[in-house]
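Following: one structure in structure tokens, then a few remarks.
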Amino acid sequence: MKKTYYLKSLFSVVILFFFCLTSGISQKYYSGSIVDSDGNPIIGASVLGEGTSLGTITDHDGKYSIDFPEGVKTILISYVGYKNVRIDLTEDNPQYGMITMLEDRMALDEVVVTGTFTGRTQKNSPMSLTVLNGDQLARLSSNSQADILRTVPGITAEGGGGEVATNLFVRGFPSGGQYAFTPLNIDGIPVLSTFGLNSSAHDVYFRNDIGLRSLEFVRGGSATLQGAGSVAGIVNYQSIRGTNNPVNKVQLEWAEGGRIKTDFLTAGPLSENLFYAFSGFYRYDEGPLETGLPTRGYQIRGNLKKLFNDGNSSLVISMQKIDDNVQFYLPYPLDNSNDARERPTGNDGEPIYTMLSSQLKDYSFDTPFGRFKSPIGDGVTTNGQFIMGELSHEFGNDWRLSAKTKAASYDHWFNLFLDGDGTHNTPEPQDAYLSDRGLPTDATFTYADNGAALAGNDLLFENRVLDRQRDMEELVGEVNLTKTVNNHNLTIGTFMSNTKALDNNWIHNVLGDFSNSPRAVSVSYADSTGQVSHSSSGYVEGSGRQTSNKTLQSTKIAAYIADEIKFDNFDLDIGLRWEKAIGNVSLENGVGSNNFNKGIVDASDVAFVIGFLYRLNDNVNLYANGSRGYFFPQLRSLKFAGGSPQSYETEKVIQGEIGAKYGDDKLSATAALFFNSLSDRRNVDIVNDGRGGITEFIQLQSTRTIGLEASLNYNIASGINAYGNLTFQNHEFTEVEGNEEQVGNSIARIPNVMGMFGLSYDNSGFDANISSNFLGSKFANNSNSVELDGFNIVRLDAGYKIGLGNGNESLRLGLSVFNLLDAAGVTEGSPRQGNSQVAGGNFFVGRPILPRRIFLRATFEF
């Protein structure tokens, strides 16, 4: 894949923007100091020209100084956990004395940048927003993105598969998991701008580290205008950037199951107006489940920020390099005696947690393109990088330019043990195994590791291994221009992306005993030709083949216009976006046949958004928004007839929301009533084909959801907070192609009720937090033939900070426990069985919550 082209393109765009900038704008000097209610200086508070990207932060004495262009009329002072302070700039008062900031228990006054073209607070945004700061992110992240995202109202996040490929469902949209309607963004640019080129989730290309400043999660149709466009919302991680105040952190982590991880962050000034921030990790892990397949890897991220043109311009160059692998856990047969759906007991009498095994790897087989060796032992691997440039400039007369571009390229494999052989899918007695496959009854079963015969009552489990090559490269650019005129912030912009991905699959069958991390089993028998091997050291002879050879490419071009209109007591947002997507698909009919279906399709559509916010009084804001949007069908769902691609039309989305936000010195709360409908969704499910393989089942669906979500944070006493959220939603199918009997059914894998409650304590030395996430019952499939019980996941995090040296140098010793009560609820059934799965039988194929895991952390700050 042509990586050099993208890197050259990026630098060309950055240089072009650089030389197009103007300079010499008149400046004014402002300075002051910022303290808390006890008179202590606040270090690192943000001082920002409201509606601009120009700003600075306070030093170790809480002092700041900055030059602003004459067009800046208000400065906004913000700090995580404190209420914002606005100061009107006047001609005769350039000096500001001591400014006091008051605590904000729920941070409704914190400035956010997602879902808006100018920075504004959560409370003054006419949409649902959730913000988590860097400390919260570091303590929440244990196994996957799901650990973080399940704390957000309206979100169902399944993380039973491990560290990547979180299944994310937002407000009842039938995504089938991953990030279909909710793109994952880093610093305002999507990790991947197109969904559905293959089945890999976007989080395989990125890992969290301690270099993240915050997470901003916007829900609802207002996200349609931003960047790559979104149907249900935007997950946007903001990276720490360097300032005049150096920041250094090193975090050491140990966890059960042989996990060792080292994180680092360093940020600060390089010279006048030049700043840096770098972060990353190295990790080795033998868990969280015992497989004998350890994983290791690293990620390094960084950015350089240059201020120039007297502070009117900034250029940020960001990068990422990742080389990491993790294991992925699919559903497996659970003990269904008395409908228990519990982890089963293996042949050795021990509980079974996973069917991944170090003995069932390293197999190879012939394909039309040569000998293929399965990389299943590596699990999910990602090796690649991105480089991104972000240029901002403040012109005179309140014009502002923002331009971003990113080039990314990744070599990526998603290798996994499936949930059965596609026909039986449950453990089998030895005699039944032979008879069902037409093998002689005198065939012998031996363990491959020592040649010993299996005991007569030992069960077998034949499984499939699916190796998927998912290399990806992408070039993205976004440019917008904002003009402030009286009470209007008018923005026009364009977004462009070109994404290319592979979708190549290989599959083979393996045979092991029924135990945790199974032992490989050989099966042989004698016939007239001599000794015949059915399974050689666990590899089922003749089962290996390549099943897919695809290349898919997507080009998107969008233009948008938006206006944020501010009045004394209310704000009005309106926006319009036009977008065209062009898909180029190359699909080989029968691998090695040289018979290709190739086609180009395109579709375009328009989205419209309107939002309204009314400031009822100092504590209460009311808001409403509505949108008409669209979603481009997954290109991997494109089928051919007579050598020509089928129709390619957008899926229509209607959304509406009405809510309230409340905040005072003791209580912060939000509530929202929401509605959405999705029409002509081209849904893609990967299901068993009935012959031992898998296939993509494509079906047109329409859905409707209405719901209520609420959140609160109450300050019980100094340092003690109670917080929580609750979501009720009623979702149903309104149209199902070919399965009209499913109309009115609930959407698979989405509960009707879910919520979280927690208590936190922090006295600046000792901190503790305990929370419980509840997910109500849900159905495993769209036919609603299997109902999964609800469950709770309890988390505990506590730490003690010890002062070291001078100033802010410290050591925090922390303890974190995921799934404190070791709940074993089932997060999903078998997607491969789909609507054919039933609730009965001795075994039920499902994926339990990951078991309890204890983490110890030591974090040095200096």
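The values are calculated or read from the model by the stated rules, or taken from the named source; none is laboratory data. Everything quoted here is computed from the prediction, not taken from an experiment. Cβ atoms come from the backbone with ideal geometry, glycine included; neighbour counts cover every protein chain shown. Areas reflect the complete protein model, heavy atoms only, side chains present, ligands, DNA and RNA absent. Shrake-Rupley method; radii C 1.70, N 1.55, O 1.52, S 1.80 Å.
If you count only protein heavy atoms with a 1.4 Å probe, what accessible area per residue comes out for region 346-433, rounded to a whole Å²?
Per residue, region 346-433 has an accessible area of 35 Å².
For q = 0.15, 0.16, 0.19 Å⁻¹, what log10 I(q)/I(0) does region 377-445 give under the Debye formula with an equal point scatterer on each alpha carbon and no solvent?
-0.77, -0.81, -0.89
Carbon and sulfur atoms: what percent of the 1.4 Å accessible area of region 150-192 do they account for?
39
On a 0 to 90 degree scale, rounded to 10, what angle separates helix 3-19 from the longest Cα axis of the chain?
The angle comes out at about 10 degrees.
In whole angstrom, note down how far apart the Cα centers of region 639-702 and region 249-322 are.
Spelled out, the Cα-based centre of one part sits 34 Å from the other.
Only Lys, Arg, Asp and Glu count, each charged at its Cβ (+1, +1, -1, -1), so figure out the dipole size of the chain about its Cα centre, rounded to 20 debye.
Charge dipole, the chain, about its Cα centre: 1520 debye, nearest 20.
Per residue of region 668-681, in order, report the coupling 6.51 cos²θ - 1.76 cosθ + 1.60 (Karplus, θ = phi - 60°) as ³J(HN,Hα) in whole Hz, putting x for Gly and Pro.
10, 8, 9, 8, 8, 9, 10, 9, 8, 9, 10, 10, 6, 5
Determine the distance separating the Cα centre of region 710-787 from the Cα centre of region 360-406; give it in Å without decimals.
32
Do me a favour and compute the ellipsoid semi-axes for region 663-811 from its Cα gyration tensor, root of five times each eigenvalue, largest one first, whole Å.
Equivalent-ellipsoid dimensions as semi-axes: 44, 21, 13 Å.
Quick check of the Kirkwood formula: for region 630-734, what is the inverse mean of 1/r over all pairs of different Cα atoms, in Å?
17.6
Going 7 Å from the Cα of Asp442 in the Cα-to-Cβ direction, what parts of region 524-542 have a backbone nitrogen less than 12 Å from that spot?
525-528
Work out, in µm²/s and without decimals, the Stokes-Einstein translational diffusion coefficient of region 729-822 at 4 °C, 1.567 mPa s, Rh from Kirkwood over C-alpha pairs.
78
Show me, for region 271-282, the HN-Hα J-couplings you get by feeding each phi into the Karplus relation (A = 6.51, B = -1.76, C = 1.60, θ = phi - 60°), rounded to Hz, glycine and proline as x.
In residue order, the calculated couplings are 7, 4, 6, 10, 10, 9, 8, 9, 8, x, 8, 10 Hz.
In this model, which of Lys406/Lys556; Lys500/Lys652; Lys63/Lys305; Lys404/Lys566; Lys321/Lys406; Lys598/Lys652 are farther than 19 Å apart at the alpha-carbon?
Lys500/Lys652; Lys63/Lys305; Lys404/Lys566; Lys598/Lys652
When only DSSP loop residues count, what GluC sites (Glu not before Pro) in region 197-301 have their Cβ near at most 13 other Cβ atoms within 10 Å?
Loop-located and lightly packed - Glu272.
Treating the Cα atoms of region 231-336 as identical point scatterers in vacuum, please give the log10 of the normalised Debye intensity I(q)/I(0) at q = 0.16, 0.21, 0.22 Å⁻¹, two decimals.
Per q value, in the given order, log10 I(q)/I(0) is -0.86, -1.09, -1.13.
According to a simple spin-label model (label point 7 Å from Cα along Cα-to-Cβ), what is the distance in nm between Phe640 and Tyr276?
Here the answer is 5.1 nm between the modelled labels.
Based on Cβ point charges of +1 for Lys and Arg and -1 for Asp and Glu, what charge dipole magnitude is obtained for region 680-738 about its Cα centre, in debye rounded to the nearest 20?
200
For region 757-801, what size does the Cα cloud have along each of its three principal axes, sorted from largest down, in whole Å?
53, 13, 12
Can you tell me the length gained on complete extension of the stretch Ser677 to Leu813, counting 0.36 nm per residue apart and subtracting the Cα distance?
Roughly 44.2 nm would be gained on extension.
Give the accessible surface of region 662-794 per residue, rounded to a whole number of Å², with probe radius 1.4 Å and ligands, DNA and RNA excluded.
41
If you rank Asp797, Asp436 by how much accessible surface each has, with a 1.4 Å probe, what is the order from largest down?
From most accessible down to least: Asp436, Asp797.
Could you give me the ³J(HN,Hα) list for region 623-631, computed from phi with Karplus coefficients 6.51, -1.76, 1.60 and θ = phi - 60°, whole Hz, x at Gly and Pro?
For region 623-631, the Karplus curve yields 8, 8, 8, x, 8, 10, x, 7, 9 Hz.
Could you grab the relative contact order for region 523-658? Cα pairs under 8 Å, six or more apart, rounded to a whole percent.
It rounds to 18 percent for region 523-658.
What FRET efficiency do you get for Asn248 and Met319 if R0 is 22 Å and r is their Cβ-Cβ distance, rounded to the nearest 0.05?
Taking R0 as 22 Å, the efficiency between Asn248 and Met319 is 0.65.
What number results when the radius of gyration of the chain, computed over Cα atoms, is divided by 2.2 N^0.38 Å?
Dividing the Cα Rg of the chain by 2.2 N^0.38 Å gives 0.97.
Accessible surface of Lys261 in the full protein assembly, 1.4 angstrom probe, to the nearest 10 Å²?
In the full protein context, Lys261 sits at about 30 Å².
Once fully extended, how much extra length lies between Asn584 and Glu696, figured as 0.36 nm per residue of separation less the alpha-carbon to alpha-carbon distance?
Going from the current span to full extension adds 38.4 nm.
Give me the distance between the Cα centres of region 148-190 and region 838-862, rounded to whole Å.
Centre-to-centre distance over Cα atoms comes out at 17 Å.
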